[in-house]
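J.: Before I ask anything, here is the structure I am working with.
The values are calculated or read from the model by the stated rules, or taken from the named source; none is laboratory data. For clarity, every value in this text was computed on a predicted model and none was experimentally measured. No Cβ is skipped: glycine too gets one built from the backbone with ideal geometry, and neighbour counts run over all protein chains shown.
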Number of protein chains: 2
Amino acid sequence: MSEKKKIYKPSPISGFPEWTPDVRLVEQQWLDHIRRVFESYGYCNIETPAIEALDVIAAKGEDVDKEIYVLERLQADENDKKEARLALHFDQTVPLARYVAQHFNDLIFPFKRYQMQKVWRGERPQAGRFREFYQCDIDVINVDHLPLHFDAEMPAIIWQILSTLSGMKNEKIQLRISNRKILMGAMQALEIKNPVEVMRWIDKAEKLSEKQIFDGLLSANVEKNSIRPLLTFCEKKETGPQAGLNIYNHINSYSFCNDLMREGAEELMFVMDQLALLPANAAVADLSIVRGLDYYTGTVYETVFLDDPSYGSICSGGRYDDLAGNYINKHLPGVGISIGFSRLFDRIRQKGQLPLGKHSPADILVVMPNEDMRGVATETANILRQRYNVELSHGGKLKKQLATAEKKGIPYIWFPPFEDGLPHEVKNLATGEQTKADPNTWEASLRGTS
Amino acid sequence: MSEKKKIYKPSPISGFPEWTPDVRLVEQQWLDHIRRVFESYGYCNIETPAIEALDVIAAKGEDVDKEIYVLERLQADENDKKEARLALHFDQTVPLARYVAQHFNDLIFPFKRYQMQKVWRGERPQAGRFREFYQCDIDVINVDHLPLHFDAEMPAIIWQILSTLSGMKNEKIQLRISNRKILMGAMQALEIKNPVEVMRWIDKAEKLSEKQIFDGLLSANVEKNSIRPLLTFCEKKETGPQAGLNIYNHINSYSFCNDLMREGAEELMFVMDQLALLPANAAVADLSIVRGLDYYTGTVYETVFLDDPSYGSICSGGRYDDLAGNYINKHLPGVGISIGFSRLFDRIRQKGQLPLGKHSPADILVVMPNEDMRGVATETANILRQRYNVELSHGGKLKKQLATAEKKGIPYIWFPPFEDGLPHEVKNLATGEQTKADPNTWEASLRGTS
């Protein structure tokens, strides 16, 4: 009996998700699946420390500064002040830029890498906002020139992942693609002076009313006469096998179409043509897509739930002209896309769509018939373990051993002989069937989800 | 041409290891391998946030306090002060205890879990010391009583892992096992008053001279007459199929053998008997093993390189009587073991034993013959991708495409037809052989390491 003692009852910290083993098992399957698809396209993995010098992290811009977690040793001393200040990374793009600059001579270009790590953002705690979450990023970077082919490979990879993740079967996902050169060119043609601010308003179009956008663009000093043509221009969407040609023709038909617009339209056409074999509505050329971040210069991507676009993009990215200009005197254009893993996973979890039920990776529970047969049971488990995940029961009442298998969702129960000379038997819990079996040759008809 | 600009040259931060893609690829294989073995024994995975409330983290003891990293938001405001202080976890045992208490009603006991995450310790930078590193932990916890069987399962799992990791083939590893009850009993019998301090000295025996240990024990107020018998007692080691019985008989033969010593000897015998099938010298019953941490109460493990025991233990653990007494009013005994992954991996890397050479997970590079055949090349890559990891070349000079495959260590090059009507061909870079092939049916004779 334990004495009465002082107990510190732990409670979850808002914004730091943590799953029970059954949910974690599906999270692992998701991560494995994403990794498998990334690797099937020949992308290599890198992992950077969770921690960077604050100088590296904070170089990106003020917007994220307030979300940065800096570190201090609990018992800091004089020596600590001499060292660089350290901070947790808040994305994987800043570490990638630093990594490529630092290891430049050891990398093979085009450098095709994926990265699946946690990132941290010290946001105010609120529902649906994580302060620790997984991102799954894929990027390709080259020296001086990066072929456009990769701009089409990114959405193909993402589509393959999102359309095959467990629990996503009934979700209607749409990749929305544009090219920033088109809108930049249009703004040049319409003599709009502050394109960055204008792009921010257009980026918000789906979340605001038409009047709010109109007023916003007015406040951004866009001439009243230009607002309507600009908004009409951005409204254009094209999907299906002819999307590339249609969007190109549409843009080209404008009287104010200039070279930059045409260049963007050609690139967008190339990307859409490469995606022509995807199902209807999987990818759409959508001229309202701009993405918030400044550094995109060409293709841009967003991904939404078609039945709930207001949930926001679950997977975004684009082409940038210069990855690591702050760190190295090389011109490194790239294109990449990032899956907001934790937000996506948690949404599907909350909708009750995850295939839960297994609390263990085991395919088979080997029963411990009695203490005399411990040697045989251990040996049986070792044989089966060469082909399957096997939990060896520690013993106790048989009924309790069987109950464990059921509770954990282990699909097979193996009965070693209860005494010498008897045969092994195995029970399939799904069918209830129990048969004689040889541990060396038996084959499961149904594999666990491990 | 890029202009001259100010460049911030990034440099590695001491203690935060980061690998180039070829090394990371092997690190992933190691992590996959360890996970596979853990799961083959039916252990489920959990992952806890990198961050815990400082109250939870700092409860363990003063020794680690100075290594704890606390977090602060870069632009902290008044609200931050109202929240709990946060810190990075420095091990996986404290988070496990908190996790089990917090999710107690959702877990199935005995709770068999493994955990492979990074942990952080703000040590002073020095060679061979990491401040961010992976630990791979496996533990089993039960309510009230945990069968001894698990004390034997832990070293069996660890042996299977360590003896099969790539690059470890020529390493002679030894698991050293004892049971704290034996030494605790002996100290009772010898009327030694401060057993914790004495255990600390015995734990250091391999690193200090005999005289230093002797003086240390004197300073710990051990009576001069008891020091020699105590040290002689601890010197006993037994290995081989009879190790269990031999160590039991050895302990039992002492005139001062008491019930606690006998209980420990019986438990140690049981564990050694279960390991009798391991190769000679794989496991040794070694009465000098005590482990530094206070909370072990029975079986204890260490793992050393036999040719370099001074490198210290790469894999340690033991049985504890009460995992989460601080957090929950339940008696939760457990047993666990932890692989010091990063230290082990880095040692094998530094010895040049890792099977490096692949910079990509791709099994096949599909060549892009020319722009006219882009559709065929893409389609070919998609077909092969259903069975293999495939990099599709982005084009350019054929010679350069082939050089990429060689540099990346991709074992096969696939040539789609250079014009309609010609056959596909595939080249095995290891043998130099090039043959006609059908992408739908071709089988690689040699798989990549992906």
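J.: With (1) over 28 Å from B:H33 (Cα atoms); (2) touching a strand residue (DSSP E or B) at 6+ places or on another chain (Cβ under 9 Å); (3) within 14 Å of chain B (Cβ to nearest Cβ) as the list, and A:M373 as the residue in question, which single condition is left unmet?
T.: Among (1) over 28 Å from B:H33 (Cα atoms); (2) touching a strand residue (DSSP E or B) at 6+ places or on another chain (Cβ under 9 Å); (3) within 14 Å of chain B (Cβ to nearest Cβ), A:M373 violates only (2).
J.: Would you say A:K118 is out of contact with any Phe, Trp or Tyr (no Cβ under 6 Å at 6 or more places or on another chain), on the phi < 0 side of the Ramachandran plot, of a type outside the set (G, A, S) and not in a helix (DSSP H, G or I)?
T.: Values: out of contact with any Phe, Trp or Tyr (no Cβ under 6 Å at 6 or more places or on another chain): no; on the phi < 0 side of the Ramachandran plot: yes; of a type outside the set (G, A, S): yes; not in a helix (DSSP H, G or I): yes.
Taking the combined requirement at face value, the residue does not satisfy it.
J.: Please determine whether any residue of the stretch B:163-170 is crowded, with 18+ Cβ neighbours inside 10 Å, modelled with pLDDT of 95 or more, under 20 Å from B:T299 (Cα atoms) and not basic (K, R).
T.: There is no residue in the stretch B:163-170 that is crowded, with 18+ Cβ neighbours inside 10 Å, modelled with pLDDT of 95 or more, under 20 Å from B:T299 (Cα atoms) and not basic (K, R).
J.: Has the stretch A:116-125 got at least one residue that is at pLDDT 95 or above, closer than 30 Å to B:N389 by Cα and of a type in the set (F, W, Y)?
T.: no
J.: Same structure again: Identify, from the list B:E425, B:E433, B:E391, the residue that is of a type in the set (D, E) and under 39 Å from the mean Cα position of the chain (by Cα).
T.: B:E391 is the lone residue from the list that is of a type in the set (D, E) and under 39 Å from the mean Cα position of the chain (by Cα).
J.: From (1) at pLDDT 95 or above; (2) under 30 Å from A:G167 (Cβ atoms), pick out the condition that doesn't hold for A:L446.
T.: Failing condition for A:L446: (1).
J.: Could you tell me whether the stretch A:32-40 includes any residue that is touching a residue at least 40 places away in the same chain (Cβ under 8 Å) and hydroxyl-bearing (S, T, Y)?
T.: No, every residue in the stretch A:32-40 fails to be touching a residue at least 40 places away in the same chain (Cβ under 8 Å) and hydroxyl-bearing (S, T, Y).
J.: Does any residue of the stretch A:207-217 turn out to be in contact with a Gly (Cβ under 9 Å, 6 or more places away or on another chain) and in a loop (DSSP other than H, G, I, E, B)?
T.: Yes - at least one qualifying residue is present in the stretch A:207-217.
J.: Same structure again: Looking at B:S338, B:S342, B:S313, can you tell me which residue is small (G, A, S) and in a loop (DSSP other than H, G, I, E, B)? It would help to see each step written out before you state the result.
T.: Numbers: B:S338 fails: in a loop (DSSP other than H, G, I, E, B); B:S342 fails: in a loop (DSSP other than H, G, I, E, B).
Checking each option against the conditions leaves just B:S313.
J.: If you don't mind, another one. If A:I328 meets every condition in (1) more than 23 Å from A:Q28 (Cα to Cα); (2) in a loop (DSSP other than H, G, I, E, B); (3) at pLDDT 95 or above apart from one, which number is that one?
T.: Going through the list (1) more than 23 Å from A:Q28 (Cα to Cα); (2) in a loop (DSSP other than H, G, I, E, B); (3) at pLDDT 95 or above, A:I328 breaks only (3).
J.: Can you find even one residue in the stretch A:317-336 that is in the same structural domain as A:L96 (by TED's automatic domain parsing) and among the polar types (S, T, N, Q)?
T.: Within the stretch A:317-336 (the criterion being in the same structural domain as A:L96 (by TED's automatic domain parsing) and among the polar types (S, T, N, Q)), the answer is yes, since at least one residue qualifies.
J.: With B:P416, B:P411, B:P361 as the choices, which residue is away from chain A (no Cβ under 14 Å) and at pLDDT 95 or above?
T.: None of the other options fit; the residue is B:P416.
J.: Does the stretch A:362-377 contain at least one residue that is more than 24 Å from B:A276 (Cα to Cα) and either hydrophobic (A, V, I, L, M, F, W, C) or in contact with a helix residue (DSSP H, G or I) (Cβ under 7 Å, 6 or more places away or on another chain) (or both)?
T.: yes
J.: Checking the conditions here, which among B:G244, B:G298, B:G340 is under 20 Å from the mean Cα position of the chain (by Cα), within 26 Å of B:K112 (Cβ to Cβ) and in the same structural domain as B:R113 (by TED's automatic domain parsing)?
T.: Exactly one residue qualifies, and that residue is B:G340.
J.: A:L402 passes all but one of (1) surrounded by fewer than 13 Cβ atoms within 10 Å (Cβ to Cβ); (2) touching a residue at least 24 places away in the same chain (Cβ under 8 Å); (3) more than 26 Å from A:L354 (Cβ to Cβ); which number fails?
T.: (1)
J.: Which of (1) farther than 30 Å from B:Q350 by Cβ; (2) in contact (Cβ under 8 Å) with a residue 24 or more places away in the chain is the odd one out, the single condition B:A280 does not satisfy?
T.: Every listed condition holds for B:A280 apart from (1).
J.: Among all residue pairs at least 6 apart or on different chains, which show Cβ distances below 6 Å where the first residue, located in the stretch B:288-311, is farther than 21 Å from B:E171 by Cα and the second is at pLDDT below 90 and in a loop (DSSP other than H, G, I, E, B)?
T.: Sorted first by the residue in the stretch B:288-311, then by its partner, the pairs are B:S288/B:A205; B:V300/B:R291.
J.: Additional query: Test each condition in (1) crowded, with 21+ Cβ neighbours inside 10 Å; (2) not assigned by TED's automatic domain parsing to the domain that holds B:G334 for B:A76 and report the one that comes out false.
T.: (1)
J.: Given the structure, is B:G395 within 14 Å of chain A (Cβ to nearest Cβ), outside any strand (DSSP E or B) and either crowded, with 18+ Cβ neighbours inside 10 Å or of a type outside the set (K, R) (or both)?
T.: yes
J.: All but one of (1) among the hydrophobic types (A, V, I, L, M, F, W, C); (2) over 24 Å from the mean Cα position of the chain (by Cα); (3) surrounded by fewer than 23 Cβ atoms within 10 Å (Cβ to Cβ) hold for A:I410; which doesn't?
T.: (3)
Here's the yes/no breakdown for (1) in contact with a strand residue (DSSP E or B) (Cβ under 6 Å, 6 or more places away or on another chain); (2) within 14 Å of chain B (Cβ to nearest Cβ); (3) surrounded by 19 or more Cβ atoms within 10 Å (Cβ to Cβ):
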site	(1), (2), (3)
A:D322	no, yes, no
A:G336	yes, no, yes
A:G340	no, no, yes
A:K351	no, no, no
A:P355	no, no, no
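J.: Within the stretch B:1-111, which helices (runs of 4 or more DSSP H) (wholly inside it) include 1 or more residues that are at the interface with another protein chain (Cβ under 8 Å from one of its Cβ atoms) and at pLDDT 95 or above?
T.: Helices (runs of 4 or more DSSP H) meeting the threshold: B:21-40, B:93-102.
J.: B:W120 passes all but one of (1) more than 7 Å from every other protein chain (Cβ to nearest Cβ); (2) touching a His at 6+ places or on another chain (Cβ under 8 Å); (3) surrounded by fewer than 19 Cβ atoms within 10 Å (Cβ to Cβ); which number fails?
T.: Only one criterion is unmet by B:W120, namely (3).
J.: A follow-up question, please. Before we move on, is B:I138 under 17 Å from A:R24 (Cβ atoms), of a type outside the set (G, A, S) and more than 10 Å from chain A (Cβ to nearest Cβ)?
T.: Considered against the rule, which asks whether it is under 17 Å from A:R24 (Cβ atoms), of a type outside the set (G, A, S) and more than 10 Å from chain A (Cβ to nearest Cβ), B:I138 comes out as yes.
J.: Can you tell me which of A:G352, A:G375, A:G421 is modelled with pLDDT under 95 and not in a helix (DSSP H, G or I)?
T.: So the residue among A:G352, A:G375, A:G421 that is modelled with pLDDT under 95 and not in a helix (DSSP H, G or I) is A:G421.
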